[in-house]
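Working notes, beginning with the structure itself.
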Amino acid sequence: MSRKPSDVADFRLEVRSFLEPFAELDGFFGQGQRWPAVKAFFRAMGARGWLSLGWPEAAGGLALGPEYEFALWDEVAYARAARNPLAAGVVARTLLRHGTPEQRDRWLPPIRLGEVHFALGYSEPEAGSDLASVRCRADRRGDVYVIEGEKCWQSYAQDMDVLWLLCRTGTLESRSRGLSLLMVPLDAPGVRVTALPTLDGDRLSAIELRGVEVPEEHRVGPENAAWGIMGEALADERHIQFPPGRVRRDLDEVVAWLRRRGLTADPGLRRRLADLAVRVQEVEIHAARVLEAICRGTPAVSAAAANKVVHTLVCQEIAAVALEFGGPAAVSNGSRMDQLWRQALWETIGGGTSEVMRSVVAREELGLAGRR
Ligand SMILES: Cc1cc2nc3c(=O)[nH]c(=O)nc-3n(C[C@H](O)[C@H](O)[C@H](O)COP(=O)(O)OP(=O)(O)OC[C@H]3O[C@@H](n4cnc5c(N)ncnc54)[C@H](O)[C@@H]3O)c2cc1C
């Protein structure tokens, strides 16, 4: 039975003790390879009410502030247990705001319990950073939508139940004003999911949709209104998207690994590791800025973009030190240090590339307009 924690510090302690049996799960990096175990972990979180910490009580949530969710996913990231599931964040919050009562009744209870999982169907072969150019079409015929198109790079879609599909219901020229959101069961006839291996051995997916039919009740929000809805859902999630616990854990793991090999007496390495410890504190400060903006109810767009850039840069700097000083054992394929490096490389792309994030910072923090 879920109950409200007394304060954030106590809650962190409670989360740490909950995480102890999951110390070997390693689902933060390898969800695609160990989905049954990660799913069981989400169910255990759901049973405690931790997938719905911030939802209103009327929807079965604990109505806690964003600082609790931040603490939860920061600890889960440090433990390497899992990444926050999209269903409980992006999907549930959107349904709470824009869903019909029937949609909320149908989807929120299984999402809260960690029983139904969603893949985010935004990117396509010709649309990633520029989602206003999405081409995957959904045409209304009577009371169903018929979907035709392709998506790619969806995280773990092969294991998920439903696709949160961004699709074109208006003309291509209408750009962001002609997009809608549909919930598409991934076992519907006409859906084909193919695994795409990532550099570190994890799995993303490519999805083909050929004549797939979904009822009109699976559309979330009004037709052609997806853009604003997506922006709100993204804003809600920003404080938990790139938790600093992941970076802290990277440094702790690298230091422990180098120490086990007797390498940490090297003054050059000690200086680099000390610099990295300072960089990790920078990451924590950036994450705290995002949380603070969200708690104050002010826009967190540029703080979140800066956080993502620093977070991914520092992950790469930490992994690079392991490779540089660790010798052949660090670069051998399949070693933990090699995995950290490969994973840190692709971290700069998912959730918006570093170039796009820098453009946001240039525009929002420095007032620099882009080239027309
Ligand atoms: C690990 C991972 C997980 C992902 N998960 C999902 C998911 O679950 N669902 C989903 O839909 N997608 C997912 N993606 C896709 C991801 O969102 C896109 O790859 C990303 O938005 C970039 O789009 P793109 O690959 O089409 O590259 P493009 O947008 O074509 O960009 C190519 C290059 O051009 C640069 N560029 C593009 N536009 C600009 C600009 N305006 N200014 C400066 N530089 C620019 C980019 O930075 C990049 O270097 C994932 C990707 C990764 C790597």
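The values are calculated or read from the model by the stated rules, or taken from the named source; none is laboratory data. Fair warning: this is a prediction, and the values are worked out from it, not measured in the lab. Note: ideal-geometry Cβ built from the backbone for every residue, glycine included; neighbour counts use all protein chains shown.
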Single residue of the stretch 115-136 satisfying the filter (surrounded by fewer than 17 Cβ atoms within 10 Å (Cβ to Cβ) and not in a loop (DSSP other than H, G, I, E, B)) that is nearest to the ligand (Cβ to nearest atom): 133
Residues satisfying the stated conditions in the stretch 183-234, i.e. assigned to a helix (DSSP H, G or I) and free of Cβ contacts under 8 Å to residues at least 60 places away in the same chain: 228, 231
Failed condition for residue 206, given (1) at pLDDT 95 or above; (2) more than 13 Å from the ligand (Cβ to nearest atom): (2)
Pairs where the first residue, in the stretch 42-56, is farther than 20 Å from residue 159 by Cβ and the second is outside any helix (DSSP H, G or I) and hydroxyl-bearing (Ser, Thr, Tyr), C-beta under 6 Å, 6+ apart: 48/2; 49/2
The stretch 285-338, subset of a type in the set (Ser, Thr, Tyr) and farther than 30 Å from residue 267 by Cα, residue surrounded by the fewest Cβ atoms within 10 Å (Cβ to Cβ): 298
Odd one out for residue 254, checked against (1) of a type in the set (Val, Ile, Thr); (2) farther than 20 Å from residue 161 by Cα; (3) assigned to a strand (DSSP E or B): (3)
Pairs where the first residue, in the stretch 349-372, is assigned to a helix (DSSP H, G or I) and the second is near the ligand (Cβ under 6 Å from one of its atoms), C-beta under 6 Å, 6+ apart: 356/129
Single residue of 180, 155 found to be farther than 30 Å from residue 50 by Cβ and touching a residue at least 12 places away in the same chain (Cβ under 8 Å): 180
Residues of the stretch 137-161 that turn out to be surrounded by 14 or more Cβ atoms within 10 Å (Cβ to Cβ), outside any helix (DSSP H, G or I) and either within 11 Å of the ligand (Cβ to nearest atom) or not basic (Lys, Arg) (or both), as a count: 16
Residue count, the stretch 168-185 (criterion: more than 16 Å from residue 90 (Cβ to Cβ) and of a type outside the set (Ser, Thr, Tyr)): 8
Residue 170 vs. criteria in a loop (DSSP other than H, G, I, E, B) and either away from the ligand (no atom under 11 Å from the Cβ) or on the phi > 0 side of the Ramachandran plot (or both): yes
Options 330, 320, 369: the member that is modelled with pLDDT under 95 and away from the ligand (no atom under 15 Å from the Cβ): 330
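Filter the stretch 3-27 down to residues that are assigned to a helix (DSSP H, G or I), without any contact (Cβ under 8 Å) to a residue 40 or more places away in the chain and of a type in the set (Gly, Ala, Ser) and give me whichever is nearest to residue 44 (Cα to Cα). It would help to see each step written out before you state the result.
Initial filter on the stretch 3-27 (assigned to a helix (DSSP H, G or I)): 8-22, 27.
Next, from what is left, pick out any that are without any contact (Cβ under 8 Å) to a residue 40 or more places away in the chain: 9-10, 13-14, 17-18, 20-21.
The next check asks that each one be of a type in the set (Gly, Ala, Ser); those that pass are 9, 17.
Numbers: 9: 21, 17: 13 Å.
Here the residue is 17.
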Candidates 210, 192, 203, 248, filtered to the one that is over 17 Å from residue 136 (Cα atoms) and either surrounded by fewer than 18 Cβ atoms within 10 Å (Cβ to Cβ) or outside the structural domain of residue 302 (by TED's automatic domain parsing) (or both): 203
When residues of the stretch 47-101 are limited to those that are more than 14 Å from the chain's Cα centre (by Cα) and of a type in the set (Asp, Glu), the one surrounded by the fewest Cβ atoms within 10 Å (Cβ to Cβ): 57
